[in-house]
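Let me give you the structure first, and then I'll get to my questions.
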Amino acid sequence: MVVIRLARGGAKKRPFYNIVVADSRERRDGRFIERLGFYNPMAAGGEQPLRVAIDRVTHWTGVGAQLSPTVARLVAQAAKATA
């Protein structure tokens with residue numbers, strides 16, 4: 001199954017997450033199919049905390065990809081911010 005989920009990056013105590021499309025059998029930070037955006041929970045000042053390619057998320061969900069609960073919340077938040 002294909003899933004849209006977060007892949008952790010960044011340094012210790014400074015998380016940074018990429019929103020990726022991956023096979024559910026791959027490791028959390030392992031191989032992925034496509035990068036759809038990012039989430040930076042530690043964003044401060046002029047940094048952008050969230051960027052999501054909504055059109056690509058729509059494409060992948062249209063062909064059967066499942067959103068993780070956290071990514072579903074972030075996508076809804078991004079859609080609300082752009083509308």
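Could you please tell me which pairs satisfy a Cβ distance under 8 Å, a separation of 6+ or placement on different chains, a first residue in the range 54-79 that is aromatic (Phe, Trp, Tyr), and a second residue that is open to solvent by less than 60 Å² (accessible area, probe 1.4 Å)?
Pairs that qualify, where the first residue is aromatic (Phe, Trp, Tyr) and the partner is open to solvent by less than 60 Å² (accessible area, probe 1.4 Å), are Trp60/Val2; Trp60/Ile4; Trp60/Val21; Trp60/Glu34; Trp60/Leu36.
Looking only at the range 1-45, how many residues end up being under 13 Å from the mean Cα position of the chain (by Cα) and either of a type outside the set (Phe, Trp, Tyr) or open to solvent by 80 Å² or more (accessible area, probe 1.4 Å) (or both)?
22
So, one more: If you take the residues of the range 70-83 that are open to solvent by less than 60 Å² (accessible area, probe 1.4 Å) and at pLDDT below 95, which of them is farthest from the chain's Cα centre (by Cα)?
My answer is Ala79.
Output the residue which, of all residues in the range 46-69 that are closer than 18 Å to Gly10 by Cα and exposed (fewer than 11 other Cβ atoms within 10 Å of the Cβ), is farthest from the chain's Cα centre (by Cα).
Going through the qualifying residues, I end up with Glu47.
The values are calculated or read from the model by the stated rules, or taken from the named source; none is laboratory data. Predicted model only: the values in this text are computed from it and were never measured. Here Cβ is always computed from backbone atoms with ideal geometry, including for glycine, and neighbour counts include all displayed protein chains. Quick note on the areas: whole protein, heavy atoms, side chains included, nothing else; ligands and nucleic acids left out. Shrake-Rupley method; radii C 1.70, N 1.55, O 1.52, S 1.80 Å.
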